[in-house]
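**Q** Structure incoming, see below.
Any read-out appearing in this document is the output of simple, stated calculations on the displayed coordinates, not a laboratory observation. Everything quoted here is computed from the prediction, not taken from an experiment. Every residue, glycine among them, receives a Cβ derived from its backbone with ideal geometry; neighbour counts consider all protein chains shown.
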Amino acid sequence: MIVYEADKKQFLSDSNDRDIEEVVFAKYFHTTGRNVSAAEKKSWKESLGYMSKVLSDSEIPNDVGVAIELHIPQSSKRIDISLTGRGHDESKNVVIVELKQWDKVKSSTKDALVNTYLGGGHRDVVHPSYQAWSYASLMEGFNEAVYAGGISVQACAYLHNYERDGVIDSDHYAGYIAKAPLFLKGETERSMLRNFIKQHIKFGDPSVLYELANGRIRPSKALSDSLAGLLKGNPEFILIDDQKEVYENILAAGRSASSTNPKVVIVEGGPGTGKTVLAINALVTLMGAGLNCKYVSKNAAPRRVYETKLAGTMTRTRYSNLFTGSGGFIETPADQFDVLIVDEAHRLNEKSGLYGNLGENQVKELIAAAKCTVFFIDEDQRVALSDIGTKQTIRTFGTEKGAEVSEHELASQFRCSGSDGYIAWLDDALAVRETANKTLTPAEFDFQVFSDPADLHTAIAQKNSTGTARVVAGYCWPWTSKKDPKAFDIVIGDYRKRWNLDVDGSLWIIAPNSINEVGCIHTCQGLEVDYIGVIIGPDLIVRDGRVVTEPSARDRHDKTLRGYKARLKADPKNATAEADLIIKNTYRTLMTRGMKGCYVYCSDEETANYFRARLSSPPRSRRRRRVRCVDPSQQLLRKLCDFASQV
């Protein structure tokens, strides 16, 4: 979709003789039926005015194609300006230009990010050159007119209000600027941008813009083949038992679904049942069949981990665009995707957007956006009051669309020996549900209770030296270090640690130094390590053998219980039950991140004694028989990393 398209001559006429922002808005409203903010109109007026100055060069042909807000395949993003024509050798070319009105940024230690003022505050966003390059890379991977039709894509960024200051153009960003040149304020910079355009577009050709806008959206064979190479020949990724059965059902649904015969698939499975391995296998196979697919999750941590495992080349950008959040489908046309694979579906929200005020319902929007939507779900991992992803919700919206709804269950555990027993014991111990597993033996699972958080952290650090191990905690301590980097967040006696949310964010679980920090539910859900250390805060305590939850013990900035007080006033009974379930589910999720073991420290002594009493005998780590654990999702992460180092 293109909001505005014309040749250069018409574009200059609209810019010089009319209010270009009103022309673009009229076309936008006609295309989408939606309004835009005054700020958006203002940005059109200023940035497009500068582009008209750039194009006011007689050596740039009048019949060069000009597209504004060209929709990018596999995303909800649009390219600011696309210029199309033919090069000196008659090759078909497109130059995409990312426009920014910025006049100042701060550098960031994070890869490809800068810090600037947006939306009422300062925040980290991608560097404009990276943004432009990623758009070009995405088109090369998914627009058939580009990768099969011979259209070459060049990218650049134009910050017409920004003077060179050694920050936006520092060596830290040189690699991305080399891929997508950066042009800044001033006539000299404007002349350089003109030369860049003329270098790639010598002749006008209206057909190039038409081909680009109407190119079929499907993954390139090169992309599909490289993805398939991640799994091929790796026995640890072979799907077994119920995984294979569910996998074949997903493939059948994806291949047979159509706009007149939509499909919705629900796959239910607990921790360690291989949901992510199954999801990635299905994604790769369906893409290999030429279907337009995407992996979706509300939680950013799994997506960012997969992207980073593939970092190092342009391949990263192509892969990363296969992984997206659940809030980007509000404006997606019906059935734009062949298959959407939705992981962690229990974390889906009703509304989207930074302030939770956009869209109608994420489940409904995902089902509407694809001919086939596959939901992987574990309702026992609902950890926020805003989580609305349930099997019943999925069934309801699937039926409303007229889709055939099928349901499957993954029961087999792929963790260490005794994992089924451990999870059943944990459910009973946390009073999530009553089971017959009243005690846990060391032979079943390496579960230990520590009297000192420092000792727990030391034990986990030792495990990390030979595998992967991390410490996490309930969100009962304020994020003091966010404003004061020297301050500590989790303070328990002499134990002092920081939340690791600012530097590594969603990458906390794989960041090299994160063993020294403490993670939370937001940085580990959907991911696993060999050993997990869990600090149980005062929001979950045991009194006289009864598990009691205390919502007020959560830090006041914890978003998972946002709205609890209002609900408590309106419906005390249900609000109390909901909060109780959220807190128990949170610790259940934290305590099932470890494939080989879980070590806990309880801030309340009676609670610690309760867990000790639920063990049949004290663990003796030196004499315990070590069991090699092969978990497909963990092996997949490692294989992705190995593959990335080779591409």
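**Q** When a footprinting reagent is the concern and you count Cβ atoms within 10 Å, what order do C520, C372, C476 take, fewest first? Write down the numbers at each step before the final one.
**A** Numbers: C520 23, C372 29, C476 19.
Neighbour counts put them in this order, fewest first: C476, C520, C372.
**Q** Which pairs, out of K77/K263; K351/K401; K92/K298; K53/K202; K27/K364; K27/K263, put more than 30 Å between their alpha-carbon atoms?
**A** Long pairs (Cα-Cα over 30 Å): K92/K298; K27/K263.
**Q** Where a ≥ b ≥ c are the square roots of the eigenvalues of the C-alpha gyration tensor, would you call region 2-213 rounded, which needs a/c under 1.5, or, failing that, prolate if a/b is larger than b/c, or oblate? Working shown, then result.
**A** Working: a/c = 1.38, a/b = 1.20, b/c = 1.15.
Cα axes put region 2-213 in the rounded bin.
**Q** Order 595-602, 167-174 from most to least packed using the mean count of other Cβ atoms within 10 Å.
**A** On the way: 595-602: 23.5, 167-174: 16.4.
Ranking the peptides 595-602, 167-174 by packing returns 595-602, 167-174.
**Q** Dividing the alpha-carbon Rg of the chain by 2.2 N^0.38 Å yields what?
**A** Details: Rg = 26.6 Å, N = 647, 2.2 N^0.38 = 25.7 Å.
So the chain has a normalised radius of gyration of 1.03.
**Q** Under the Karplus relation 6.51 cos²θ - 1.76 cosθ + 1.60, θ = phi - 60°, what is the ordered set of whole-Hz ³J(HN,Hα) values for region 521-529, x standing for Gly and Pro?
**A** 4, 6, 9, 9, 5, x, 10, 9, 10
**Q** Something else: At 0.36 nm per residue, minus the direct Cα-Cα distance, what do S258 and Q392 gain on full extension? Give it in nm, one decimal, please. Mind dumping the intermediate values first?
**A** Details: separation 134, 0.36 × 134 = 48.24 nm, distance 2.30 nm.
45.9 nm is the gain from fully extending S258 to Q392.
**Q** Mind checking the angle between helix 275-288 and the chain's longest principal axis? C-alpha axes, 0 to 90 degrees, to the nearest 10.
**A** Between the helix axis and the principal axis of the chain, the angle is about 30 degrees.
**Q** On to the next question. Pairing the Cα long axis of helix 221-231 with the longest principal axis of the chain, what angle in degrees results, from 0 to 90 and rounded to the nearest 10?
**A** Helix 221-231 and the main axis of the chain meet at about 10 degrees.
**Q** Hey, could you pull the Cα Rg and Dmax for region 431-629, both in Å?
**A** Gyration radius and largest Cα-Cα distance of region 431-629: 16.9, 55 Å.
**Q** Return the percentage of antiparallel bridges among DSSP beta bridges fully within the chain, rounded to the nearest 5 %.
**A** Bridges in the chain that DSSP calls antiparallel: roughly 40 percent.
**Q** Could you pull out the pairs from K42/K483; K45/K294; K41/K104; K106/K559 whose alpha carbons sit more than 26 Å apart here?
**A** From K42/K483; K45/K294; K41/K104; K106/K559, over 26 Å: K42/K483; K45/K294; K106/K559.
**Q** Could you rank the peptides 378-385, 569-576, 257-264 by their average count of other C-beta atoms within 10 Å per residue, with the highest value first? Could the numbers behind the result be given before it?
**A** Numbers: 378-385: 20.9, 569-576: 11.8, 257-264: 16.9.
Put in order of decreasing packing, that is 378-385, 257-264, 569-576.
**Q** Would you kindly derive the ³J(HN,Hα) couplings of region 532-549 from the backbone phi angles with the Karplus curve 6.51 cos²θ - 1.76 cosθ + 1.60 (θ = phi - 60°), listing them in order in whole Hz, with x for Gly and Pro?
**A** 10, x, 10, 9, 8, x, x, 7, 9, 10, 10, 10, 6, x, 10, 6, 10, 10
**Q** Could you please rank D387, D494, placing first whichever residue has the fewest other Cβ atoms within 10 Å of its Cβ?
**A** In increasing order of surrounding Cβ atoms, one gets D494, D387.
**Q** Something else: Nearest 10 degrees is fine. How inclined is helix 572-590 to the longest principal axis of the chain, computing both from alpha carbons?
**A** 90
**Q** So how do 531-543, 447-459 stack up, highest first, on mean other-Cβ count within 10 Å?
**A** Taking the mean over residues of other Cβ atoms within 10 Å, the ranking is 531-543, 447-459.
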